[in-house]
Amino acid sequence: MSKKFSQPHLLGIKDITRDDIELVFETADNFKAIINRPIKKVPSLRDVTVANIFFENSTRTRISFELAQKRLSADIVNLSASSSSVSKGETLIDTVNNILAMKVDMVVMRHPAPGACQFLSKHVDAQIINAGDGTHEHPTQALLDAYSIREKLGDVKGKKIVIVGDITHSRVALSNIYCLKKLGAEVMVCGPTTLIPKHIESLGVKVEHDLMKALNWCDVANMLRIQLERQDIKYFPSLREYSMLYGLNKERLDKLNKEIVIMHPGPINRGVEITSDVADSAHSIILDQVENGVATRMAVMYLLAGQQG
Ligand code: CP
């Protein structure tokens, strides 16, 4: 019997199993081979209609989902907050139900409110994929990040991964922690006290405030963006001071007596959390992450659609 994804939606990594994650990886391996062929398209999602609804800005996630859908031969409709009737006062449920009335099967949604995708999944009759909900989860980012570590280092299990920066406001951090822990990695978070949530150790992660100690400990450093748009108060004196203490630069990398893998989910604030020479160096797998996003998202949508059969 072929393996199936355990959930009808992808709302967060918290809800899925290690087997689900490994199934996504195995499926993504096949799709990655396909999208590197001259003929990149397969008919797997022919007759499936997907709505991409983005109430927050996005470059990578939105284009990656759209390309993944096109490679799978799905029909696509795109809606953004600025062009939707939400700006005229329509509720989220009404907006989505109106789209579903036009026979849409799957909704990929990014929304600024944590829990918006869970809410939607309880009120509308479609499969929901969370493309980032506020400061809560960004499950496909975590899947493509873990897939990229597996590709680079052979396995995720037993690897030491430090997530550096604005953990408090990051949906990428929470989804990565759930995903990496489920796969058996050791996870550390590093940053100023103000940007690390209290009690985060209860998720089974180490906390370190000294960047050099964290870099000496890890195999992989995932450098997060400072999310100024989500910061209601000042969490550190200045970007310059943040960069002096927590920015990854060549000088810091040269002081290590080993090589580490550098990741960043994007968009990058060059010169703040990471300097250009490091972001563009041979240690960096930032563009591999972007490439793997398409295959990973193809796998997620293929597996979810397979549940309907
Ligand atoms: N990593 C990520 O979510 O990037 P976008 O905001 O560009 O989608």
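Coordinate-derived values only; no laboratory data. Just so it is clear, the model here is predicted, and its values are computed rather than measured. Here Cβ is always computed from backbone atoms with ideal geometry, including for glycine, and neighbour counts include all displayed protein chains.
Overview of results
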| quantity | calculated |
| --- | --- |
| Residue among VAL205, HIS264, LEU183 farthest towards the positive dipole end of the chain, charges placed on Cβ | LEU183 |
| Debye intensity ratio I(q)/I(0), log10, the stretch 233-281, q values 0.24 Å⁻¹ (C-alpha model) | -0.94 |
| Segments 62-69, 109-116 sorted - mean Cβ within 10 Å per residue, highest first | 62-69, 109-116 |
| Helix-only mean residue ellipticity at 222 nm for the chain, each DSSP H run of n ≥ 4 adding -39500 (n - 2.57), per residue, nearest 500 | -11500 deg cm²/dmol |
| Positive dipole terminus of the stretch 1-133, leading residue within SER64, ALA116, ILE16 (C-beta point charges) | SER64 |
| Quotient of C-alpha Rg and 2.2 N^0.38 Å, computed over the stretch 20-119 | 1.20 |
| Label-to-label distance, nm, for residues given as LYS40 and HIS123 (7 Å Cα→Cβ offset) | 3.6 nm |
| Neighbourhood net charge (13 Å Cβ-Cβ; Lys/Arg +1, Asp/Glu -1) for PHE5 | -2 |
| Under the Debye formula (equal points on every Cα, no solvent term), log10 I(q)/I(0) of the stretch 1-55 at q = 0.26, 0.29, 0.30 Å⁻¹ | -1.14, -1.13, -1.13 |
| Kirkwood hydrodynamic radius of the chain, Cα pairs, Å | 19.9 Å |
| Unit charges on C-beta of K, R, D, E only; dipole of the chain, Debye | 300 debye |
| Under 13 Å, Cβ to Cβ, from ILE63 - net charge with Lys/Arg +1 and Asp/Glu -1 | +4 |
| Distance violations [Cα-Cα > 21 Å] among LYS32/LYS258; LYS160/LYS206; LYS14/LYS181; LYS14/LYS122; LYS122/LYS182 | LYS32/LYS258; LYS122/LYS182 |
| Volume in Å³ per residue [convex hull over Cα atoms, computed for the stretch 85-192] | 115 Å³ |
| Per residue, the convex hull volume that the Cα atoms of the stretch 139-287 enclose (Å³) | 102 Å³ |
